[in-house]
Amino acid sequence: MIFKKKVVKRILFALIFVLVVIQFIPVDRTNPPVIREPDWDSPKTRGFAVRACFDCHSNQTIWPIYAYIAPISWLVASDVSEAREKLNMSEWKPGDGKKAAKEFRIGDMPVIYYKWMHPKSWLNKKEKEEFLKGLIATFGEEKKEK
């Protein structure tokens, strides 16, 4: 019995030690300067994008408190980096964003775990319809393959 308590204490101490040490592993949470935003069709479309997309798909990320706690910080930083590579609305180039309407329409964006952690990103049915129209007007649509 005493042996089991010692083992449990050592395991717990080791776990706490590892959790403390990993906090010192650097994570890139920079927000580079905004170079160019898309030519939004309306301020309303941009507002929906800010609400539902900008935290990952722009250089204007608002880093939540959990983005500073490892190992969650690693996932958040990785997700933002990957999202910026796919579409960055702060470094927009003509022709970018053709997939945005499709990804939004089929429900792939924003990802569900982002929406759980950011209730403000949820759009009601009317807002979704308006945002989809705005995305198409701003970016166009990906050509459908036959």
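The values are calculated or read from the model by the stated rules, or taken from the named source; none is laboratory data. In this text, all values refer to a predicted model and were calculated from it rather than measured experimentally. As a convention, Cβ positions derive from the backbone with ideal geometry for all residues, glycine included, and neighbour counts pool all protein chains shown.
Evaluating residue 56 against the criteria (1) touching a helix residue (DSSP H, G or I) at 6+ places or on another chain (Cβ under 6 Å); (2) in contact (Cβ under 8 Å) with a residue 40 or more places away in the chain; (3) more than 30 Å from residue 19 (Cα to Cα) leaves one unmet condition, (3).
Comparison of 8, 50 shows that the only residue that is under 19 Å from residue 91 (Cα atoms) and in a helix (DSSP H, G or I) is 50. Against the numbered list (1) in a loop (DSSP other than H, G, I, E, B); (2) at negative phi; (3) in contact with a helix residue (DSSP H, G or I) (Cβ under 9 Å, 6 or more places away or on another chain); (4) of a type outside the set (Val, Ile, Thr), residue 84 comes up short only at (1). Filtered by the rule that a residue be among the β-branched types (Val, Ile, Thr) and at pLDDT below 95, the range 21-61 gives 21, 22, 25, 27, 30. Looking at this structure, is residue 35 touching a strand residue (DSSP E or B) at 6+ places or on another chain (Cβ under 9 Å), loosely packed, with under 13 Cβ neighbours inside 10 Å and either polar (S, T, N, Q) or closer than 23 Å to residue 80 by Cβ (or both)? Yes.
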